[in-house]
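A short write-up of the structure that comes next.
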Amino acid sequence: MQKYGLIGWPVNHSLSPSIHNPAFKEMDLDANYNLIECPPEDISSIIDGLKSQSYKGWNCTVPLKADIIPLLDWVDKEALACQSVNTVVVQENGELHGFSTDGYGIETAIKEEFGVEVKNKKILFVGAGGAARAAAARIAKSGAKGITVINRSEANAQLLLETASTMNPECETKYIPSNELSSYPYICEDHDIMIQCTSLGLKEGDPQPFPSDLLKPSILVMDMIYKETPFQIAAKNAGCKTAGGLGMLLHQGVKSWEMWTKLKAPVENMRKSLIKAAYPND
């Protein structure tokens, strides 16, 4: 049996097995994907263990996406630029090659949900964490006209913008501190797509990540959180076409699966299984 998995800390909440295992089954592959708890201090020994157990590849989630890079033999340019690896492919010679499929996942989800390409679009990022940085790398690489980041920390925002510039020097970049948003009343009219990248909305009582009164129907809103949040509801009420993050989760997994198996993934089967796992009571 071929073995694949997800390393992270924690990982027990992950929906990734519901993406990969049904695809292995449908394609009649003798393979399994499982969850592997990996405290950051144990990453080196756990990876040695995966190699000794002949794992063919694995995904990597928080907080390990940067920690794993020094342990790899080769890292893709996009993953290096955003300092984030979420997919490891074990080569025939045993080398470990690292990639980021997070950006591909969100770009594909935007195209699927909204029917638009990111090329020549102006993208507004709310938040500047690791997932945002991976998304910015891909979106800049794909020819975005401009990327603006709203964030409390200027340091993290500048890291994201530097990543975007590395992938596409012609992409216009701008930082707006969160507490200065009131000075930009037309910010939504000035951008084509908003990507909400913070965790705000996961917990009841969280503040809104973006002021509802600044939302305008002209902007497409993608939230990385897959469950419906108060912000997503506010965006819909403002007339915005809105989507949650389940599509991003699906397509980053599809890309990993195809890199491991070198086969075309059964996307609709994977989507159906993921939705069932995400919304078991529906």
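Summary table
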item	result
Near pairs, Cβ below 7 angstrom, 6+ apart or cross-chain, from the range 234-247 (of a type in the set (Lys, Arg)) to any residue that is outside any strand (DSSP E or B)	Lys241/Phe114
Yes/no for Ile219 being of a type outside the set (Lys, Arg), crowded, with 22+ Cβ neighbours inside 10 Å and closer than 20 Å to Glu117 by Cβ	yes
Boolean, Glu117 is surrounded by fewer than 23 Cβ atoms within 10 Å (Cβ to Cβ) and in a loop (DSSP other than H, G, I, E, B)	yes
Odd one out for Ala66, checked against (1) more than 17 Å from Ala132 (Cα to Cα); (2) outside any helix (DSSP H, G or I); (3) small (Gly, Ala, Ser)	(1)
Boolean, Ile195 is outside any loop (DSSP other than H, G, I, E, B), of a type in the set (Val, Ile, Thr), at pLDDT 95 or above and more than 22 Å from Ser84 (Cα to Cα)	no
Within the range 72-105, considering residues that are in contact with a strand residue (DSSP E or B) (Cβ under 7 Å, 6 or more places away or on another chain) and either among the aromatic types (Phe, Trp, Tyr) or part of a helix (DSSP H, G or I) (or both), the one surrounded by the most Cβ atoms within 10 Å (Cβ to Cβ)	Ala79
Residue in the range 29-41 that is modelled with pLDDT under 95 and either exposed (fewer than 15 other Cβ atoms within 10 Å of the Cβ) or among the hydrophobic types (A, V, I, L, M, F, W, C) (or both) present	no
Residue check, Ile150 at pLDDT 95 or above, surrounded by fewer than 24 Cβ atoms within 10 Å (Cβ to Cβ), more than 21 Å from Gly247 (Cβ to Cβ) and not aromatic (Phe, Trp, Tyr)	no
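Results for (1) more than 28 Å from Glu162 (Cα to Cα); (2) among the hydrophobic types (A, V, I, L, M, F, W, C), shown as yes or no for each residue.
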| site | (1), (2) |
| --- | --- |
| Ser16 | yes, no |
| Pro40 | no, no |
| Ser45 | yes, no |
| Tyr55 | yes, no |
| Ile106 | no, yes |
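The values are calculated or read from the model by the stated rules, or taken from the named source; none is laboratory data. Keep in mind the model is a prediction, meaning the values are calculated, not measured. When we count neighbours, we look across all protein chains shown, and the Cβ atoms used for this are built from the backbone with ideal geometry, even at glycine.
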